[in-house]
Amino acid sequence: MGQGTLAAVAEPKYWHLRTVLLRTMDTEFSTGQVLPNERELSARFGVARATLRQALDQLELEGRLVRRRGIGTLVAAPRVGIQVAGRGSARSGAVHGGQDWKVVDCTTGPASAALARTLGLTEGDQVHTVRRLRTVQGVTVAVESLHVPSAALPHLAVVVDDNDRARGVLRQLERVGVDGESRSVELGVAETAEAALLERPPGTPVLVVTTQYAAAGRLAAVAVSTYRADTCKLTFGESGVAVKVAADVKAAAVS
């Protein structure tokens, strides 16, 4: 049998232009600076406007550029460091440095088949779900759904207000005595509901962090947090080591 070879694939023009634009931005422009208009850029680099738009769209998707109506295309600011670990931070909502949690809603209802499998329940068992946004300096960077089996919180008070109910779920979860946490991370895209809360188009790259909380040897809760891949870099544990959400996503959108 002959040895297989990989055929050389020609680099698309827009991708080559993207690389050229990155070098130009790094050497000639600073954060927040407005780039020349499309006509000037097309003439400077000798490319069609359609090719230029493809390259600019790609850089915006990566978080290197941000477009502002009435202003133009700006060089994006560095990505915001987000601490996603740390004992109890996700359960209590204790975050710092201009970061905060904002409750969207808190509901109680029967678990779907998929959620029941995740939580080790029977389909239809009651589950509390706290949905909230994580913000940095007032800008939304993540949406989280925290699922807690109702049976795990037998003393939860009956309240109508979503904020009070959410606080009650979080407080009771703390009192359960969570003694272990595990996390998995995967790259994904924002579905319609998450995209709307993140104020991004559906299909926007996101990083999905799933955290499982254990108590007394059993799964007590599961949190699914969807972070914007164009604005965040995530840190885990106490080491503060940053984890890039994508290999070539190096900057965040200007808030």
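Brief remarks follow.
- Taking every residue in the stretch 12-28 that is surrounded by fewer than 18 Cβ atoms within 10 Å (Cβ to Cβ) and pairing it with any residue that is in a helix (DSSP H, G or I), at least 6 positions away or on another chain, the pairs with Cβ-Cβ distances below 6 Å are Lys13/Thr51.
- Search result, residues across the stretch 200-228 that are of a type outside the set (A, V, I, L, M, F, W, C), surrounded by fewer than 22 Cβ atoms within 10 Å (Cβ to Cβ), in contact (Cβ under 8 Å) with a residue 24 or more places away in the chain and in contact with a Ser or Thr (Cβ under 8 Å, 6 or more places away or on another chain): Thr210, Thr211, Gln212
- The residues of the stretch 132-145 include none that are over 18 Å from Pro205 (Cα atoms) and touching a Cys at 6+ places or on another chain (Cβ under 7 Å).
- Among the residues of the stretch 112-165, those that are outside any helix (DSSP H, G or I), among the aliphatic types (A, V, I, L, M) and more than 30 Å from Asp230 (Cβ to Cβ) comprise Leu121, Val127, Val148, Leu153, Leu156, Ala157, Val158, Val159, Val160.
- Test: residue in the stretch 181-191 that is polar (S, T, N, Q) and either part of a helix (DSSP H, G or I) or within 18 Å of Leu61 (Cβ to Cβ) (or both): no
- Single residue of the stretch 174-193 satisfying the filter (among the acidic types (Asp, Glu) and under 23 Å from Phe236 (Cα atoms)) that is modelled with the highest pLDDT: Glu186
- On inspection, Ala114 passes the criterion of being surrounded by fewer than 19 Cβ atoms within 10 Å (Cβ to Cβ) and at pLDDT 90 or above.
- Among the residues of the stretch 205-231, those identified as under 30 Å from Leu65 (Cβ atoms) and modelled with pLDDT of 85 or more are Pro205, Val206, Leu207, Val208, Val209, Val224, Ser225, Thr226, Tyr227, Arg228, Ala229.
- Of all residues making up the stretch 124-147, the number that are acidic (Asp, Glu) and open to solvent by less than 30 Å² (accessible area, probe 1.4 Å): 1
- Meets criteria (of a type outside the set (Lys, Arg), part of a strand (DSSP E or B) and either over 21 Å from Leu121 (Cα atoms) or in contact (Cβ under 8 Å) with a residue 60 or more places away in the chain (or both)) for Glu174: no
- Set side by side, the residues Thr118, Thr129 differ, and just one is without any contact (Cβ under 8 Å) to a residue 40 or more places away in the chain, touching a His at 6+ places or on another chain (Cβ under 9 Å) and closer than 15 Å to Gln212 by Cα, which is Thr129.
The values are calculated or read from the model by the stated rules, or taken from the named source; none is laboratory data. Owing to the predicted nature of the structure, the values given are computational and were not obtained by experimental measurement. Don't worry about glycine lacking a Cβ; one is built from the backbone with ideal geometry, like all the others, and counts go over all protein chains shown. Keep in mind that these areas ignore ligands, DNA and RNA; they rest on the heavy atoms of the full protein, side chains included. Shrake-Rupley method; radii C 1.70, N 1.55, O 1.52, S 1.80 Å.
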